[in-house]
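For reference, the structure discussed in these notes is given below.
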There are 2 protein chains.
Amino acid sequence: MKKPHLQLITKAAQLIAAIVSLAITLSTQAAITVNHPTLVINLQDVIDMRAAIKTPGAFQQAFNSKKSHVESYIAHAITVPVPADSGGGYTHERHKKNYQQMYDAGILFQLTQDPKYALFVRDMLFKYAELYPQLPRHPKRKNSNEGKLFWQGLNEAMWLVYTIQAYDFIIESLTESERQKIETGVLLPIADFLSFQSPKTFNKVHNHGTWATAAVGMTGFVLDKPELVEIALLDLDKAGKGGFLKQLDELFSPDGYYNEGPYYQRFALLPFVTFAKAIEQNQPQRNIFNYRNDILLKAIYSTIELSYNGLFFPINDAIKSKGIDTMELVIAVSIAYGLNTDAINDKSGLIDIAKQQNRILLTGDGLKLAQAIDAETESTQSHYPFTSRKFHDGKNGDEGALIVMRQQVNQAEPSQALVFKATAQGLGHGHFDKLNWQFYDAGAEIVSDYGAARFLNIEAKSGGGYLPENKTWAKQTIAHNTLVVDETSHFDGNTREGNKHHPQVNFYHSDSQATLASASIDTAYDDVSFTRTIALISVNAHGIEYPLVFDVLDVDSVNQHQYDLPVHYQGQFIDANFPRQSFTNQLKPLGENAGYQHLWLKATSQPFATETPSRVDSDLAKNMLTDNALAKVTWLNDNGHFYTHSSINDGSTQVLFTQLGANDPNNNLRNEKSFIQRVNNRAQHRFISVLEPHGEYNPAAEYTLNATSRLQSLTYDRQDDISVIGFSLTTQTDAAQQFVLAVSHKQADDNLKNNKQKSNNHSITNSFSYLSKPYSFSGRYLLLTITQ
Amino acid sequence: MKKPHLQLITKAAQLIAAIVSLAITLSTQAAITVNHPTLVINLQDVIDMRAAIKTPGAFQQAFNSKKSHVESYIAHAITVPVPADSGGGYTHERHKKNYQQMYDAGILFQLTQDPKYALFVRDMLFKYAELYPQLPRHPKRKNSNEGKLFWQGLNEAMWLVYTIQAYDFIIESLTESERQKIETGVLLPIADFLSFQSPKTFNKVHNHGTWATAAVGMTGFVLDKPELVEIALLDLDKAGKGGFLKQLDELFSPDGYYNEGPYYQRFALLPFVTFAKAIEQNQPQRNIFNYRNDILLKAIYSTIELSYNGLFFPINDAIKSKGIDTMELVIAVSIAYGLNTDAINDKSGLIDIAKQQNRILLTGDGLKLAQAIDAETESTQSHYPFTSRKFHDGKNGDEGALIVMRQQVNQAEPSQALVFKATAQGLGHGHFDKLNWQFYDAGAEIVSDYGAARFLNIEAKSGGGYLPENKTWAKQTIAHNTLVVDETSHFDGNTREGNKHHPQVNFYHSDSQATLASASIDTAYDDVSFTRTIALISVNAHGIEYPLVFDVLDVDSVNQHQYDLPVHYQGQFIDANFPRQSFTNQLKPLGENAGYQHLWLKATSQPFATETPSRVDSDLAKNMLTDNALAKVTWLNDNGHFYTHSSINDGSTQVLFTQLGANDPNNNLRNEKSFIQRVNNRAQHRFISVLEPHGEYNPAAEYTLNATSRLQSLTYDRQDDISVIGFSLTTQTDAAQQFVLAVSHKQADDNLKNNKQKSNNHSITNSFSYLSKPYSFSGRYLLLTITQ
């Protein structure tokens, strides 16, 4: 909770910001007469683009393609139906298509000066101007954010964001009375509906608010109504408690991380960058792109980096097929590329992303990118420099972090990525997944997050919105790869409670050989705290580099509980090195609540229960555990590689195998698979696991290589603040090679806010013993080959 | 069964063939001294290739790539381990790698004349020459086909097919004593082991026999041992009852269809074309590629055509990831391309396939293909002309057929393919799937066949061989999209019984608008016969072409039975237009035997049971059934398109929804989904269904189009020998359009063997009435738009 005097200071700062903004607005108001176009594209852009469409190249191709697309519909009758359907339905899709068509025809008018394009936009706007004033609220409206043309006001704002740009393109071709008809018939009424008639959404510091303020503010620029720009920037009261600037202050962390995650970050990005670009054109003195230390550029870059193989990390409510080629990011990348700012040292990475997006925009910035792509040769090919990163969460950067670990053991091998989620809750779209992880390899999800339970815009599936199973399954903790206590989700599945808390990042370190991070949370459950430490490392065994993931999860409580740790794996189960009792003739759900009701229990097991009866908690630290206490599960991913999850099993840990799909009468869920490590009646427990990619299955070329795990042994020993992990790797032809990985937990960089400049490469020496020999190291970790 | 006097004639013909063969062999024997290389590559090829590797182009690239690959291992120690492992295990994969390495090093010796490559092959062969004489039978041998180096003799033959070519490449670099050591130490002993010591396999008219005879015959050519060539061609007794020529006579139908299906056809193709090419070089007077009306070329072309989107149709025991880029077909396509024969009118289609294969062989034929690919420009791009075809089955072409229907409604749309399996059993790898069908659209499987239950070479999965579930699930009738009577598979799951029978193809017709076929079988069950008629058509509604599949299955018996008709669909269930009773809290298997024990019953339903209580069999023909008697199931494939299966439901047909995975303790099965139409206590029944691709789901671009089926009504009326199918299609913006499809069952082309020349375009007039109006047509079918 904030302290009172801090709140006062914040309020004062907001007031000053508001006054400054207002002063700027008022001073600019008198000086400028509007030249059209005036939003994302300006007059100079138009001149450059008119030249470029006469010159062979990527831009000309994009123009020709867009032109032939527009020709395909421009001669047809204009259809502006009375709103009836929800998302995915006919009238919904028709109105979406209409604003896209107006935008496209408008830009073609600017580029070709052929009046037929302007007439198309004008005539469609006439129809809207006739229809809109008669419209009641949409028959299928959503309570939280009502619309008229659409079932939700969000879509109404999107309509205006596009349409006001189309209007800006053709306004100079219209007579005064035509303008009057369109502006008073539809543009101003929608702006009014989105702002004064929907104050809750408009003032909200949330992506729905950003869409509304962008739409209204851009309308203000085009129609020369400074009042609309002001309320868009500062909220309806011009108090700065909401509005676009407040959204810039609060919706992103200082690293540009958006609190709902990359799926909504991508979605929110469009109104942010589009309105910002319009502000840059109309009020350059604001330096909006440098606002809050270039926060918008950071947001664009972090959106790019929260992806693997072109798809966004599906954390929180996320549809998994969304990736960097979405139109929102196409627009954002082009705008970033077009900026003249010192904030970007090297723009060549953006060219790589633009090539992957493979969509050239008909804007001034799109032209610059197209020319850069045309100018590239094979030797100057750019590659976006994806690296390991910690993205702080929270508007002040002090509410945990999303940690992305990346590794490419050699150029011939595909890269690995690991996502360690130690963020805050992420508001209403957040999942109860504290300290969750995901793993990617060779282009594919290996240990995965379900994402959202939703079929976007398919009416038969709950009207295309979130399915009931999004709440009962996808948000629940058991749907993730993290600790579940007593079959209850984090914060008992209560979003409001979740929003109050966040994990602590204990440390983060990355170099070319290893990336490590550790985080803790003691608020997810009343009496249970847990700390997770994850390392993605590259180990050289017998001259070959192998990627390995180490995962140590320490649970602590004063009371006894049941602890479950699931692994949701993608692929076909191949083998486990312990006997299982399969339910072959009848399936029952694993539990009754918190997502457990959706899991069919397919098999149970208690590996090594009889073989090592003496292994209990206290022995863990002392004993060298041998191979037969490593519980291994191997699966085969569709990418043709094998993955083995090995965990130290003390003989009292059950492994449960499940398949998703119980209590799902409408088959809304994908039938994904997982295994769950379970211990009962424990206060403390430590889960120690290794994930190992290996081998290749190539039935087309008829070979199978290294289908079995190389990990021969794994030991863990905690010596004060040092984790000492011993392991050995073997191959079929070479002898096993022994390693030790020591990780220091001593210093936390995140918690010591007042000591931020202190480097990770601290000089404190860490000492430990392994196999009775002493070792010491400075820094975060030591990885050594042991020669015996 | 054959009649006795026919057998006599066949025997006499075989004897004559044998004598002719022998005469040719003996006459050539004296005349030729062996010039090396003498198998797939000859001296002229070597001269051409030595020039080509100095010229930039695809061939030079392939050479450079192969060279750098060979350099990566040639300096390392040679490893020839004592055989121990089964498929996928270390020694198995090592010996496979060894013969590939010898082959590659051998061809590099021919191309570069660098002795180091020859020495590598020689030294490895020395190690084999030392090891082989001491070897007992393989410790993990298969009873049916034993090996020494490998667990099965089949792999031993493959070893020799590659190794004898490698030896042929380096033989002239060896001293007489080196040759002696290698030939007597390993080559001749293996040839002897594969032939005289394994007479059953060697003489077998089966792909294992082809591998053995090819290996032994090619060894005969290289070592100048005509005796080996003779037994390879004519069997161990030189009687022509087995051997390569007999295999050419019997293993392919006159259309080049291989009785085990494309997966094994592809596999068998390599020894066929490789040995044939060697015969062509050494005994050109045989005209082996023109043997039996160019049967080998027909086999190559039919292998290509039994594929969709690069993957083979997975009928019978087939691993689904196998496709046209397999090495066997790369070799076959290059050899076909290299032939000088009038039998191929146009080779440009082969260039298209070679480009898709993307592997240039370092052979004379590979060079010709590489040069053709280099010479192609954008305007001369070739496309393989995939068309609808009927592939007759059986060595005489009279044992049913595999019917492939193809359609591309317009160039912008992806093509459809439908496989209608009215073939014979296909020996030991055959499935009990009479009159099964599969459907493909937009690059993906939509209605699918499970293929084989096998993880090739993964030891943890039953040693990499066929899993137990291959027999208990994959082969069973319920695993396919065809009729199951009383929960019992066709021929009661007895392969020997299945091999005795085959379906009758009643008719097959194809033109640009429609492909239709009908087939019947009365031997799959004692007292039940069934006829299936399938049509893939393109319907023009409101100016747009839509693909539709019509499926009518007539069942007839004197006794009452339970009839099940499953549809195994690929995708996520979206919706059904009838209520279902889902088993949400407990699952049980659907049955106990014949594959039913592997299906979890997820939901049951009896659509329209209460709404249309009067609808029974006899009404079907008379009533115009309306929309509410059409039971619709819609799913969404990963290709982003929707598919709706609509079936006329008389109120007494249950629909059962299942998921695969019961009684599968080792998770060997993929958890695929199906729905099953079921009627009980019926003697006659007619299943009438339509499959309809529609719409698009694009969550990345955030739109969903036409998620609901356009089929508004469907009626069926049998008028004498004419099926009269009425249907209407609607869209959200246009009114419904009414069609009638009439199919004549009058004339059967397949059954009238003595009247083969009679065209499908017969002039008989077919008359029928529809909605009380009379119509008539000649030919196989009529498709009309009804204007009302």
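The values are calculated or read from the model by the stated rules, or taken from the named source; none is laboratory data. Everything numeric in this text was worked out from a predicted model, so none of it was measured. Here the Cβ positions follow ideal geometry from the backbone for every residue, glycine too, while neighbour counts run over all protein chains shown. For accessibility, only protein heavy atoms count, side chains too; no ligands or nucleic acids. Shrake-Rupley method; radii C 1.70, N 1.55, O 1.52, S 1.80 Å.
Number of residues in the stretch B:660-677 that are facing chain A (nearest Cβ under 7 Å), among the polar types (S, T, N, Q) and more than 15 Å from B:R454 (Cα to Cα) equals 1. Among all positions in the stretch A:466-485, there is at least one residue which is away from chain B (no Cβ under 14 Å) and of a type in the set (G, A, S). Among the residues of the stretch A:204-219, at least one is assigned to a loop (DSSP other than H, G, I, E, B) and either open to solvent by less than 30 Å² (accessible area, probe 1.4 Å) or aliphatic (A, V, I, L, M) (or both). When B:A84, B:A58, B:A52, B:A77 are screened for being over 26 Å from B:A214 (Cβ atoms), within 14 Å of chain A (Cβ to nearest Cβ) and either in contact (Cβ under 8 Å) with a residue 60 or more places away in the chain or in contact with a Pro (Cβ under 8 Å, 6 or more places away or on another chain) (or both), only B:A84 passes.
For the stretch A:571-609, how many residues are of a type outside the set (F, W, Y), within 26 Å of A:A707 (Cβ to Cβ) and within 13 Å of chain B (Cβ to nearest Cβ)? The total comes to 15. In the stretch A:679-731, the qualifying residues are those that are within 14 Å of chain B (Cβ to nearest Cβ) and without any contact (Cβ under 8 Å) to a residue 24 or more places away in the chain, and the one that is surrounded by the most Cβ atoms within 10 Å (Cβ to Cβ) is A:T704. The sole residue among A:D492, A:D526, A:D556 that is in a strand (DSSP E or B) and open to solvent by 40 Å² or more (accessible area, probe 1.4 Å) is A:D556.
Scanning the stretch B:301-349 for residues that are more than 14 Å from chain A (Cβ to nearest Cβ), under 18 Å from A:A700 (Cα atoms) and either part of a loop (DSSP other than H, G, I, E, B) or in contact (Cβ under 8 Å) with a residue 40 or more places away in the chain (or both) returns B:T303, B:I304, B:E305, B:L306, B:Y308, B:F313, B:I315, B:N316, B:A332. Which members of the stretch B:342-395 meet the condition of being under 30 Å from B:A422 (Cα atoms) and of a type in the set (V, I, T)? Scanning the stretch B:342-395 gives B:I344, B:I353, B:T387. Restricting B:E497, B:E487 to those that are touching a Gly at 6+ places or on another chain (Cβ under 9 Å) and open to solvent by 10 Å² or more (accessible area, probe 1.4 Å) reduces the list to B:E487.
The rows are residues; the columns are (1) more than 30 Å from A:L467 (Cβ to Cβ); (2) open to solvent by less than 20 Å² (accessible area, probe 1.4 Å); (3) out of contact with any strand residue (DSSP E or B) (no Cβ under 8 Å at 6 or more places or on another chain).
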site	(1), (2), (3)
B:L548	yes, yes, no
B:V552	yes, yes, no
B:H561	yes, no, no
B:V567	no, yes, no
B:F573	no, yes, no
B:F578	no, yes, no
B:T604	no, no, no
B:F608	no, yes, no
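For the stretch A:641-655, the tally of residues that are within 14 Å of chain B (Cβ to nearest Cβ) and open to solvent by less than 10 Å² (accessible area, probe 1.4 Å) stands at 4. Only one of the listed residues (A:S674, A:S689) is within 28 Å of B:F573 (Cβ to Cβ) and of a type in the set (S, T, Y). That residue is A:S674. Just one residue in the set A:D441, A:D433, A:D393, A:D449 is under 30 Å from B:Y697 (Cα atoms), at pLDDT 95 or above, out of contact with any helix residue (DSSP H, G or I) (no Cβ under 9 Å at 6 or more places or on another chain) and not β-branched (V, I, T); that residue is A:D441.
Just so you know, in the stretch A:317-346 the residues that are open to solvent by 10 Å² or more (accessible area, probe 1.4 Å) and out of contact with any Leu (no Cβ under 9 Å at 6 or more places or on another chain) include one that is nearest to A:A474 (Cα to Cα), and it is A:D325.
With respect to the conditions (1) in a helix (DSSP H, G or I); (2) more than 23 Å from A:I688 (Cα to Cα); (3) in contact (Cβ under 8 Å) with a residue 40 or more places away in the chain, A:H501 falls short on a single one, namely (1).
Per this entry, A:L187 is counted among residues that are closer than 20 Å to A:E130 by Cα and more than 32 Å from the chain's Cα centre (by Cα).
Of the helices (runs of 4 or more DSSP H) contained entirely in the stretch A:111-192, those carrying at least 2 residues that are open to solvent by less than 20 Å² (accessible area, probe 1.4 Å) fall at A:115-131, A:153-170. The residue that is farthest from the other protein chains (Cβ to nearest Cβ), counting only those in the stretch B:89-110 that are open to solvent by 20 Å² or more (accessible area, probe 1.4 Å) and over 15 Å from B:K66 (Cα atoms), is B:R94.
Scanning the stretch A:442-458 for residues that are open to solvent by less than 10 Å² (accessible area, probe 1.4 Å) and either free of Cβ contacts under 8 Å to residues at least 40 places away in the same chain or in a strand (DSSP E or B) (or both) turns up A:I446, A:V447. So, in the stretch A:107-163, of the ones that are in contact with a Lys or Arg (Cβ under 8 Å, 6 or more places away or on another chain) and among the hydroxyl-bearing types (S, T, Y), which residue ends up nearest to A:A268 (Cα to Cα)? Checked the stretch A:107-163; the qualifying residue nearest to A:A268 (Cα to Cα) is A:Y132.
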